[in-house]
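Colleague: Below is the structure I would like to discuss, written out as structure tokens.
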Amino acid sequence: MPKNSAPRPHSPILVVLFIGSGCAALIYEVVWLQLLQLVIGLTTVSLGVLLGVYMGGMCLGSLLLASFISRRRNPLRVYALLELGIGVTGLAVLFLVPWISDLYTRFGGSGFLGIVLRAGVAAVCLLPPTILMGATLPAIARYVEATPSGVSWLGFFYGGNILGAVIGCLTAGFYLLRVHDMATATYVAVGINLLVALIALALAARVTPVKATTGNQLAAPESPADAKPVFLTIALSGLAALGAEVVWTRLLSLIFGGTVYTFSIILAVFLAGLGLGSAVGSLLARTLAQPRRALGICQFLLMAAVAWSALMIVRSLPYWPALAGQTVSPWYQFQIDLARAALAMLPAAFLWGASFPLALAAVTKGQADPGRVVGRIYAANTVGAIVGALGFSLVLVPWLGTQRAQQILVLICSLAAVIALTGAKSVSREPRRLPRLALRFGLLALALLFAWTVAAVPWGVIAYGRHLTSYGNRLAPGIVKEADVPTDGTPDIFATYVGEGLNGSVAVTKWTTGVRNFHSAGKVQASSDPRDMRLQRMLGHLSALTVTNPESILVVACGAGVTAGSFVVHPEVKRIVICDIEPLVPKIVAPMFAKENYDVVNDPRTEVVIDDGRHFIRTTKEKFDVITSDPIDPWVKGCAALNTLEYYEMCKQHLKPGGVMSLWIPLYESDSETVKSSIATFFKAFPNGLLFSNDDLGEGYDAVLLGQVEPTAFNLDQMQHRLDDVSHARVKQSLQDASFPTLYSLLSTYAGRATDLRDWTATGQINTDANLRLQYLAGMSFNSYAGSEILREILQHRQFPEDLFPGSDGRKSALRFAIMGNR
């Protein structure tokens with residue numbers, strides 16, 4: 001081995017330190033994104049702002065280190081101080097966010113100004129620690145000799161950092177946040193930073209830094225013309241890598257189920273591929289005479305790897321045997337998902353990981369300042385990653401769809417290959433060499449071939465996700481007009497609309513029986529099925545009838561629009577605000593259910609707001625008579641933010657006197673602990689809260705939580721008189737259409753109140769902003785179906801509440817029989 005390829009003392013220990021550093025960094029990233037999304041919302045725009053600021057800080061740190069930190073400083077001491085700084089600022093973020101949250105509540109909003117304010121909040125919180133994180137690798141780069149083989153050691157550090165990131169990702173997702181909370185996770189990360197810093201300081205006292213050859217002057221890096229293609233190549237590589245992560249995470253979350261654990265698995269597999277690739281790339285860079293050519297070959301192979309990933313996601317993974325509904329350990333399901341994610345993503349991630357050390361070796365020249373060289377490569381890669389993450393999530397996928405987005409990924413890889421390979425010096429002295437033009441056209445032809453193989457995601461994946469195999473051959477191929485759906489024969493399922501939107505993929509299907517379904521997050525979210533119509537009408541009419549004069553309504557999550565449409569028929573209602581996170585839902589989906597929802601989106605009283613529901617409530621100054629929420633299932637990552645104690649308290653502050661809040665909760669795809677958490681959290685905010693069950697022939701299905709600040713009372717005589725009035729004829733008909741022929745049939749769904757269920761909910765874990773416990777509980781039980789058992793547990797505690805239903809003796813007796821007769 002050449003002399004200059006030998007590692008400096010303690011290089012293996014530094015790899016271990018970078019493992020710790022990467023572990024802490026990913027714990028911070030998971031916590032910060034979760035923490036800040038509570039403040040600025042869960043929309044793709046908000047996530048894009050967060051990721052842009054996060055990676056932008058990393059980029060700045062990698063570029064600024066060489067300019068502000070002298071090379072005469074001991075690199076290990078600089079690294080240690082950076083780690084200490086990360087720990088201090090990381091801890092500060094935990095305590096800074098609540099203060100920022102209160103300030104943001106006063107000035108936040110929607111539109112362009114809202115985006116600017118969101119970016120400001122993210123920048124204030126994330127730039128200090130992320131700038132320090134970005135500077136760590138360039139800082140330690142000064143520990144090695146500035147030669148291709150010497151700098152290639154940085155690939156091992158980079159690989160160790162990514163390995164640590166895998167550990168941090170899994171530790172945070174499967175233990176720290178599942179069992180503890182964001183504060184505990186932050187303290188663990190701070191402790192890791194402190195330990196890494198102390199070890200680095202101890203090593204610094206024993207190591208002499210590499211000195212610049214120009215005395216006290218920084219050695220200026222050489223910038224030959226042939227280095228520029230390397231920077232462009234690694235930037236395109238970063239762009240493609242993050243673009244692919246965006247697309248594949250979106251598709252795999254449909255196939256696996258979009259739980260917090262699914263996202264942790266996908267990210268961990270992607271990072272593991274990067275780390276393995278970086279380690280192998282580092283070994284190659286130490287021996288290869290032409291690392292730039294190897295970099296180009298990686299980009300060439302990536303064309304095939306991206307096509308392979310697309311093939312697996314579309315043709316293979318959705319058709320693995322489904323475990324949904326089976327009594328299996330969630331940990332077994334996680335292993336299956338881990339294997340599927342690795343099969344799809346590992347080859348491409350490996351090649352992207354190998355590209356980084358090869359790029360480092362390709363641009364290293366003699367005595368250039370390694371910190372500056374590494375910083376520029378790292379910055380180029382990060383800038384590309386920022387463009388890829390934002391461009392694919394905010395523009396390409398909503399505009400062109402995931403199929404076209406993956407085809408563009410193939411073309412980007414081919415462009416990177418052309419840039420890296422064209423003009424690279426050949427070791428061979430043979431006169432016959434492939435001309436540049438032929439090479440370019442050959443790569444382009446292959447890229448077009450690979451891009452052509454990328455197929456569109458089947459509509460069944462978007463509609464039914466992990467349940468796809470349960471429907472077998474019942475799904476009709478292609479997308480048809482609703483008028484073309486047959487009305488007889490077997491209950492086959494036809495897709496009448498499929499859309500890949502800004503914040504999610506949605507579909508509308510129709511069965512030959514006439515039932516129409518709205519799909520999101522890979523499952524049915526609303527439908528014209530009698531069970532769902534009952535629930536949706538219960539949410540609307542129970543809420544409206546509870547309030548004496550319900551003039552202003554806020555509906556969080558549009559869905560099929562049936563809940564919002566229930567308020568259309570109430571003559572007292574003057575304003576309906578529908579807040580939904582995905583533009584396609586109120587624009588296209590809800591009008592397809594115009595008959596069931598009374599064409600609510602086109603009602604002159606309706607205003608549609610595209611925003612995260614929590615963010616809208618946080619920033620609006622308006623108060624409402626009714627706030628009702630029909631969100632996506634609590635096991636979907638991020639949706640637990642609409643079920644926290646703090647969220648309910650915000651809703652209470654936006655209720656007018658006598659106002660009511662109502663909420664849908666599922667009993668299916670759940671277990672007792674998950675439902676207890678949902679109910680206990682709501683009842684903690686609303687001590688007078690009530691529970692109404694929407695059962696299916698006596699079997700548990702889903703339910704409605706209803707709460708007021710004041711004690712609730714359903715005056716039976718007044719309510720009956722209200723329904724019998726000619727002005728409420730449409731209300732009465734709407735209830736009858738949903739199988740509620742009488743007032744008693746509606747109120748007989750009463751299943752208990754907070755005082756009745758106090759003992760049962762005593763062990764329920766309260767879902768707060770600090771722990772988001774519900775999404776971790778729900779993510780463990782979303783393949784189970786215990787709704788009937790859960791409902792039986794609840795009804796064991798139900799008593800007829802005399803004070804809740806005042807009225808004439810005859811009506812009270814009839815309602816008592818209707819309620820207790822269902823026990």
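Colleague: Return one whole number: the accessible area per residue of the chain in Å², for a 1.4 Å probe.
Modeller: Details: 30670 Å² over 823 residues.
That works out to 37 Å² for each residue.
Colleague: Further, regarding this structure: So what is the diffusion coefficient of region 466-573 in µm² per second by Stokes-Einstein at 37 °C and 0.692 mPa s, using a Kirkwood Rh over Cα pairs?
Modeller: Numbers: Rh = 15.6 Å.
After rounding, the answer is 211 µm²/s.
Colleague: With a 1.4 Å probe and all protein chains left in place, how much of the accessible area of region 548-597 comes from carbon and sulfur atoms, in whole percent?
Modeller: Details: 810 of 1380 Å².
On region 548-597, the fraction of accessible area on carbon and sulfur atoms equals 59 percent.
Colleague: Can you show me the helix-derived [θ] at 222 nm for the chain, built from DSSP H runs with n ≥ 4 at -39,500 (n - 2.57) apiece and divided by the number of residues, rounded to the nearest 500. Walk me through the numbers on the way to the answer.
Modeller: Working: 28 runs with 459 residues, N = 823.
Calculated from helices alone, the mean residue ellipticity at 222 nm is -18500 deg cm²/dmol.
Colleague: Pick out, from 785, 448, 399, the residue whose Cα sits farthest towards the positive end of the charge dipole of the chain, with +1 on the Cβ of Lys and Arg and -1 on the Cβ of Asp and Glu.
Modeller: Looking along the dipole axis, the top candidate is 448.
Colleague: Further question: Would you please put 508-516, 234-242 in order of how densely packed they are, using the mean number of other Cβ atoms within 10 angstrom per residue and starting with the highest?
Modeller: Per-residue mean Cβ counts within 10 Å order the peptides as 234-242, 508-516.
Colleague: What order do you get for 494-504, 480-490, 632-642 when each peptide is scored by the mean count of other beta carbon atoms within 10 Å, highest first?
Modeller: Details: 494-504: 20.9, 480-490: 10.5, 632-642: 23.8.
For the peptides 494-504, 480-490, 632-642, the packing ranking is 632-642, 494-504, 480-490.
Colleague: Relative contact order for region 509-652: what percent, with Cα pairs under 8 Å and sequence separation of 6 or more? Walk me through the numbers on the way to the answer.
Modeller: On the way: 240 pairs, mean separation 33.5, N = 144.
For region 509-652, the relative contact order is 23 percent.
Colleague: Expected output is a single nm value to one decimal: the length gained when fully extending between residue 448 and residue 72, i.e. 0.36 nm times separation in residues minus the C-alpha distance. What is it?
Modeller: Numbers: separation 376, 0.36 × 376 = 135.36 nm, distance 5.05 nm.
So the extension gain works out to 130.3 nm.
Colleague: In nanometres, what is the gap between the two model label sites at residue 474 and residue 574, each 7 Å from Cα along Cα-to-Cβ?
Modeller: 4.8
Colleague: By the gyration tensor of its Cα atoms, with a ≥ b ≥ c the square roots of the eigenvalues, what is the shape of region 681-786: rounded for a/c under 1.5, prolate for a/b over b/c, or oblate?
Modeller: Numbers: a/c = 2.55, a/b = 1.71, b/c = 1.49.
Prolate, since a/c reaches 1.5 and a/b exceeds b/c.
Colleague: I've got another one for you. How much of the calculated P(r) for region 515-630 lies past 22 Å, in percent of all Cα pairs? Could you put the intermediate results ahead of the total?
Modeller: Working: 1674 of 6670 pairs.
Result for the distance tail: 25 percent.
Colleague: Once neighbouring chains are kept in place and the probe is 1.4 Å, which whole percent of the accessible area of region 58-99 is contributed by carbon and sulfur?
Modeller: Working: 1470 of 1990 Å².
Carbon with sulfur: 74 percent of the solvent-accessible area.
Colleague: Please express the Cα-Cα pair-distance distribution P(r) of region 771-818 as a list of whole percents, one per 10 Å bin, running from 0 to the bin with the greatest distance.
Modeller: 20, 28, 23, 20, 8
Colleague: Considering Cα pairs under 8 angstrom that are at least six residues apart, work out the relative contact order of the chain and quote it in whole percent. Can you show the working numbers first?
Modeller: Numbers: 1645 pairs, mean separation 109.2, N = 823.
RCO, the chain: 13 percent.
Colleague: Expressed in nm to one decimal, what extension gain is obtained for the pair residue 802 and residue 717 from 0.36 nm per residue of sequence separation less their Cα-Cα distance? Don't skip to the end; give the middle numbers.
Modeller: On the way: separation 85, 0.36 × 85 = 30.60 nm, distance 1.42 nm.
Gain on stretching residue 802 to residue 717: 29.2 nm.
Colleague: Still on this structure: Rounded to the nearest 5, what % of the DSSP beta bridges within region 462-612 are antiparallel ones?
Modeller: Once the DSSP bridges in region 462-612 are tallied, antiparallel ones form about 55 percent.
Colleague: Let me ask another. In debye to the nearest 20, how big a dipole does the chain give about its Cα centre with +1 on each Lys and Arg Cβ and -1 on each Asp and Glu Cβ? Numbers along the way, then the final one.
Modeller: Values: 64 positive and 54 negative charges, 775 e Å.
It comes to approximately 3720 debye.
Colleague: How many nm is it between the label spots at residue 123 and residue 103, if each spot is 7 Å from the Cα in line with the beta carbon?
Modeller: Here the answer is 1.3 nm between the modelled labels.
Colleague: Which value does Rg/Rh take for region 270-343 over its C-alpha atoms, Rh per Kirkwood? Walk me through the numbers on the way to the answer.
Modeller: Values: Rg = 17.4 Å, Rh = 15.1 Å.
Rg/Rh: 1.15.
Colleague: Nearest 10 degrees, 0 to 90: what angle lies between the long axis of helix 228-256 and the longest principal axis of the chain (Cα atoms)?
Modeller: Compared with the principal axis, the helix lies near 30 degrees.
Colleague: Continuing with this model, one more query. Taking the mean number of other Cβ atoms within 10 Å as a proxy for protection, how do you rank 711-722, 344-355, 257-268 from highest to lowest?
Modeller: Working: 711-722: 15.7, 344-355: 26.5, 257-268: 24.8.
Descending mean neighbour count gives 344-355, 257-268, 711-722.
Colleague: Further question on the same structure: Take the Cα atoms of the chain, find their three principal axes, and give me the spread along each one in whole Å, biggest first.
Modeller: For the chain, the Cα spread along each principal axis is 100, 57, 47 Å.
Colleague: Next question, about the same structure. Using the 2.2 N^0.38 Å rule of thumb for compact globular proteins, work out how region 239-288 stacks up: its C-alpha Rg over that value, please.
Modeller: Values: Rg = 13.9 Å, N = 50, 2.2 N^0.38 = 9.7 Å.
Here the Cα radius of gyration is 1.43 times the empirical estimate.
Colleague: Counting other Cβ atoms within 10 Å, keep those with at most 13, restrict to DSSP loop, and tell me which GluC sites (Glu not before Pro) in region 739-823 are left.
Modeller: Passing sites in region 739-823 are 802.
Colleague: When the accessible area of region 701-799 is computed with all protein chains present and a 1.4 Å probe, what percentage of it is carbon and sulfur?
Modeller: On the way: 2070 of 3960 Å².
Here it works out to 52 percent.
The values are calculated or read from the model by the stated rules, or taken from the named source; none is laboratory data. The structure presented is a predicted model; accordingly, all values stated were derived computationally and were not measured. Cβ: placed from backbone, ideal geometry, glycine included. Neighbour counts: every protein chain shown. Only protein heavy atoms, including side chains, enter the accessible area calculation; ligands, DNA and RNA are left aside. Shrake-Rupley method; radii C 1.70, N 1.55, O 1.52, S 1.80 Å.
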